[in-house]
Amino acid sequence: MKVLIVEDNKKLASAIKQGLEQENYTVDTASDGEYGLDLAATEPYDVIILDIMLPKIDGVTLCKKLRTEEKDTTPIIMLTAKRLTEDKINGLNAGADDYLTKPFSFDELLARIKALTRRPKNMQSNILKLGDLKIDRNSLITQRSGKLINLSKREFSLLEYLVLNKGKIVSKEQIISNVWEYDADILNNTVEAYIGRLRKKIEKPFKGKKIIQTIRGFGYKVED
């Protein structure tokens with residue numbers, strides 16, 4: 001597994017690099033956006049860890065360039081000291097897959113890297129479709145038959161995970177490990193409750209047309 005860290009705080013970049021190398025990752029670093037863009041455009045990476053506040057080219061601009069000019073779909077985790085929701089939205093709209101606010105624990109960063117790299121590479125598109133259901137992973141907007149559906153962050157993540165695995169049966173345990181934080185203490189009936197909430201929002205208003213199937217004794221499945 002190969003990771004690129006684009007971070008101008010050399011102490012932080014070194015700490016992340018050391019931690020990832022102990023987990024058997026291969027790690028390259030860049031201390032400015034220009035060099036980071038050069039590396040990302042010429043070397044294949046499994047994950048890019050990208051700071052927002054960078055010299056030469058800022059992280060949001062770099063992310064946009066990778067997505068639009070380089071057509072690079074490598075998962076990107078954005079790092080920032082900013083806590084405003086607007087900054088998070090800007091990062092996600094630029095094409096980032098995840099967002100981590102400083103300070104953060106290395107264990108949390110590692111868990112997010114593992115979650116991103118578990119996604120099938122041929123399903124990294126920012127727009128997911130399932131029949132008349134459409135999910136925009138950048139703007140976090142969900143629509144069915146052109147009608148907007150208001151989902152909470154957790155509901156969105158749950159639906160996204162199900163659609164990314166369409167055609168497959170996913171167990172409650174798989175859902176917990178991929179939708180909740182790695183150290184969250186979640187019970188199976190919590191998953192059932194969230195599935196129920198999703199059904200009320202994405203099925204009931206549309207004449208009950210089912211999207212989520214319950215596979216008794218195994219878990220859940222969605223398919224076209």
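Values in this text are rule-based calculations from the coordinates and carry no lab data. All figures in this text were calculated on a predicted structure; none of them were measured in a lab. Cβ sites come from the backbone with ideal geometry, for glycine too, and all protein chains shown count toward neighbours.
Numbers at a glance
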item	result
Estimated inter-spin distance, residue 169 and residue 69, nm [label 7 Å along Cα→Cβ]	4.9 nm
For residue 9, residues with placed amide H under 5 Å, excluding near neighbours	none
For 107, 51, order by how many other beta-carbon atoms lie within 10 Å, fewest first	107, 51
Linear extension gain, residue 197 paired with residue 100, 0.36 nm per residue minus alpha-carbon span	32.2 nm
Nearest-20 debye value, segment 2-121 charge dipole, Cβ charges on Lys, Arg, Asp, Glu	340 debye
Options 5, 22, 75, ranked by Cα towards positive dipole end of segment 2-121, top entry (Cβ charges)	75
Candidates per chymotrypsin sites (Phe, Trp or Tyr not before Pro) in segment 157-224, loop by DSSP, up to 13 other Cβ within 10 Å	218
Order of 89, 149 - criterion: other Cβ atoms within 10 Å of each residue's Cβ, fewest first	89, 149
Kirkwood hydrodynamic radius of segment 2-121, from inverse mean 1/r over distinct Cα pairs, in Å	14.0 Å
Charge dipole (debye, nearest 20) of the chain; +1 at Cβ of Lys and Arg, -1 at Cβ of Asp and Glu	1540 debye
In segment 141-192, the GluC sites (Glu not before Pro) that fall in loop regions by DSSP, at most 16 other Cβ within 10 Å	181
Residue-averaged 222 nm ellipticity for the chain, from DSSP H runs of 4+ at -39500 (n - 2.57), nearest 500	-12000 deg cm²/dmol
